[in-house]
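The values are calculated or read from the model by the stated rules, or taken from the named source; none is laboratory data. Computed from a predicted structure; not experimentally measured. Note that each Cβ is placed from the backbone with ideal geometry, even for glycine, and that neighbours are counted across all protein chains shown. Just the protein is used for accessible areas: all its heavy atoms, side chains included, with ligands, DNA and RNA removed. Shrake-Rupley method; radii C 1.70, N 1.55, O 1.52, S 1.80 Å.
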Amino acid sequence: QKEVEQDPGPLSVPEGAIVSLNCTYSNSAFQYFMWYRQYSRKGPELLMYTYSSGNKEDGRFTAQVDKSSKYISLFIRDSQPSDSATYLCAMSVDSSGGSYIPTFGRGTSLIVHP
Amino acid sequence: DTGVSQDPRHKITKRGQNVTFRCDPISEHNRLYWYRQTLGQGPEFLTYFQNEAQLEKSRLLSDRFSAERPKGSFSTLEIQRTEQGDSAMYLCASSFGRLDGELFFGEGSRLTVL
């Protein structure tokens, strides 16, 4: 079993839909939770960053972390065709405890059609 | 442009040849990471530098792979005696460390081994 599990999709939605992307993980030491967006043939770029549990909102994007369930989510409101990309979750332990090397999920491919 | 740059962007080589990739991180970043990504998978950690010190290497990293970061600036990743299984995108990322796990990625170097 991988440390970080993510459904690869593809997830196809109409423009304007609310999108929910999710990851589960097994390492309870993870404290930093991130979402990266990767367009085809490009490197990943950081989208959202959350420390420990809770919610974080940035424009149309909301990240949620539920450490008790080892489950994180990314919600995209009013999705646009330009949101079509692969969304990678990533997580790392607190650097004071050792490694600060993010572990990535395999990514979910999102297609938003007009 | 002051982002992470990687060179070459695409390398085609024959099995058994050696290849070298170069990464120039964002200038004030002291942390540098190499990841490998294959189609449909998330980035897989290879190795990590803090300044010029190589602090971690993945257990999955074959001894055919070597990385350096002389003087804590640019980094090189060399693969000796390439195999077809080495075909992948090699991603370099850098970080200043203010937010653990906030990596800035380059656009990657795609390796095709024939």
Could you identify the single residue in B:GLU107, B:GLU102 that is open to solvent by 20 Å² or more (accessible area, probe 1.4 Å), assigned to a loop (DSSP other than H, G, I, E, B) and within 19 Å of A:TYR100 (Cβ to Cβ)? B:GLU102
Sort through B:GLN41, B:GLN6, B:GLN17 and tell me the only one that's over 18 Å from B:GLU68 (Cβ atoms) and in contact (Cβ under 8 Å) with a residue 60 or more places away in the chain. B:GLN17
Quick test for you: out of B:THR38, B:THR20, pick the one residue that is touching a strand residue (DSSP E or B) at 6+ places or on another chain (Cβ under 6 Å), of a type in the set (Val, Ile, Thr) and within 11 Å of chain A (Cβ to nearest Cβ). B:THR38
Restrict the check to the stretch B:77-91 and report whether at least one residue is in contact with a Pro (Cβ under 7 Å, 6 or more places away or on another chain) and within 14 Å of chain A (Cβ to nearest Cβ). yes
Looking at the stretch A:33-57, which of the residues that are more than 24 Å from B:GLY108 (Cβ to Cβ) and outside any strand (DSSP E or B) is least open to solvent (accessible area, probe 1.4 Å)? A:SER52
Test A:SER28 against the criterion of being within 13 Å of another protein chain (Cβ to nearest Cβ), within 25 Å of B:SER95 (Cβ to Cβ) and part of a loop (DSSP other than H, G, I, E, B), and give yes or no. no
Filter result for the condition that a residue is of a type outside the set (Lys, Arg) and more than 10 Å from chain A (Cβ to nearest Cβ), over B:SER27, B:SER58, B:SER95: B:SER27
Cross-chain or 6+ apart pairs with Cβ under 7 Å, the stretch A:16-31 first and at pLDDT below 95, then surrounded by fewer than 17 Cβ atoms within 10 Å (Cβ to Cβ) and hydroxyl-bearing (Ser, Thr, Tyr): A:GLN31/A:TYR51; A:GLN31/A:SER52
From the list A:TYR36, A:TYR49, A:TYR25, A:TYR71, which one is within 14 Å of the chain's Cα centre (by Cα), aromatic (Phe, Trp, Tyr) and over 17 Å from A:ARG106 (Cα atoms)? A:TYR49
Residues within the stretch B:36-60 that are part of a strand (DSSP E or B), touching a Gly at 6+ places or on another chain (Cβ under 9 Å) and either at pLDDT 95 or above or under 18 Å from A:GLU3 (Cβ atoms) (or both), tallied: 1
Tell me, which residue of the stretch A:68-108 that is open to solvent by 50 Å² or more (accessible area, probe 1.4 Å), out of contact with any Pro (no Cβ under 6 Å at 6 or more places or on another chain) and not polar (S, T, N, Q) is nearest to the other protein chains (Cβ to nearest Cβ)? A:GLY97
The correct count of residues that are within 24 Å of B:ARG81 (Cα to Cα) and surrounded by 16 or more Cβ atoms within 10 Å (Cβ to Cβ) in the stretch B:1-19 is 4
Residue tally, condition part of a strand (DSSP E or B) and at pLDDT below 95, over the stretch B:61-79: 0
Within the stretch A:32-57, can you find the residues that are within 18 Å of A:ILE18 (Cβ to Cβ) and either free of Cβ contacts under 8 Å to residues at least 12 places away in the same chain or among the basic types (Lys, Arg) (or both)? A:ARG37, A:ASN55, A:LYS56, A:GLU57
